[in-house]
Amino acid sequence: MNISAVIEKLGYRPNEVKIYLAALEEVESTASGIAVKAKLPLSSAQIAIERLHKDGLMNFYSRKHRKYWTAEHPQKLMQILKEKEAGLSSVLEKIKSKERIKGKPEVEVFIGADEIKLIHKNMLEKKRHIRAIIPWEAWSKMLGQDYLNDFINLRVKYFLNMRMLVPRTPSTLKLKNRDSKELRQTKFLPESMIIEDALFIFNDNVAIVSLNERQPTGVVIEDPATTRMMKVFFEDLWERASE
């Protein structure tokens, strides 16, 4: 591997490497002299010199109102590398602590209607089709019909389809009549099945929302295995549901 390529791997641009190597061949020189030696425009040379000076690879002294530059010994490159390594080592454990452990489920809790609305935002950001089981009357009472209409409009805007299981009621029958317009397939749960909480499946996420009036709470689990299991549960219900 040539010298320039090795120095570039330390994080220096090609022009900076050219300037440093050119300056090494001169005992001292002005910026314009080094630029000529490196075959670079003076403006480019000056930018490179300033970066090298900041890293301690080039220094200057003034004589008769002129600035003369000298390159530091190449051993300085090894010192810079060791300093970078020491800096990384000092924060490595903190960096590791931020790494998401592969296979470990991520769980997030949302309390109150305003926070639960963030689950809808999460669905839109994931940009994946949605499966849902919803006690519609309680859901619309908690979030408000105007808000739900806004969410539906955004979902349609992003071309996100929804398959939804709901109890058969006058309001859900009206909702089903708008299915084609609102990119939705609605089916009705068996009359014997009473649901009190909402369930959403999207991407690798499962959201379960308790509609307790005193403190509605949502839990989002991001885990492929959990999502696969809930999809099996949903598809079984979907086959048993009525149009």
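Looking at the square roots a ≥ b ≥ c of the eigenvalues of the Cα gyration tensor of the stretch 1-70, which shape do they give, rounded for a/c under 1.5, prolate if a/b is larger than b/c, or oblate? Cα axes put the stretch 1-70 in the prolate bin. Considering helices alone, the calculated mean residue ellipticity of the chain at 222 nm is -15500 deg cm²/dmol, with DSSP H runs of length four and up weighted by -39500 (n - 2.57) and normalised per residue. With a cut-off of 9 Å between beta carbons, the residues surrounding GLU243 carry a summed charge of +2, where Lys and Arg count +1 and Asp and Glu -1. A cut-off of 5 Å between modelled amide H atoms, ignoring neighbours fewer than 5 places along the same chain, links ARG184 with MET162. Applying both filters, DSSP loop and at most 14 other Cβ atoms within 10 Å, to the trypsin sites (Lys or Arg not before Pro) of the stretch 25-82 gives LYS39, LYS64. If the viscosity is 0.890 mPa s and the temperature 25 °C, what Stokes-Einstein diffusion coefficient in µm²/s follows for the stretch 164-243 when Rh is the Kirkwood radius over Cα pairs? The estimated diffusion coefficient comes to 176 µm²/s.
Rounded to the nearest 20, the size of the Cβ-charge dipole of the stretch 1-106 about its Cα centre is 260 debye, with Lys and Arg at +1 and Asp and Glu at -1.
Using the Cβ of ASP223 as centre and a radius below 11 Å, the other residues enclosed give a net charge of -1, where K and R count +1 and D and E count -1.
Simple rule: put +1 on each Lys or Arg Cβ and -1 on each Asp or Glu Cβ in the stretch 20-174, find the dipole, and look at ASN153, ILE49, LEU81; the Cα lying farthest toward the positive end is ASN153. Calculated from the structure at hand, log10 I(q)/I(0) by the Debye sum over Cα atoms at q = 0.11, 0.13, 0.15, 0.17 Å⁻¹ is found among [x] -0.53, -0.77, -1.06, -1.43; [y] -0.75, -0.92, -1.09, -1.28; [z] -0.66, -0.78, -0.98, -1.20 as [z].
Between the alpha-carbon centres of the stretch 208-235 and the stretch 24-78 there is a gap of 63 Å.
The long axis of helix 14-24 is offset from the longest Cα principal axis of the chain by roughly 20 degrees. Listed by chain and number, the lysines placed with their C-alpha closer than 20 angstrom to that of LYS121 are LYS141, LYS157; residues fewer than eight positions away on the same chain are left out.
Quick note: the coordinates plus some simple rules give every number you see, no bench work behind them. Owing to the predicted nature of the structure, the values given are computational and were not obtained by experimental measurement. Note: ideal-geometry Cβ built from the backbone for every residue, glycine included; neighbour counts use all protein chains shown.
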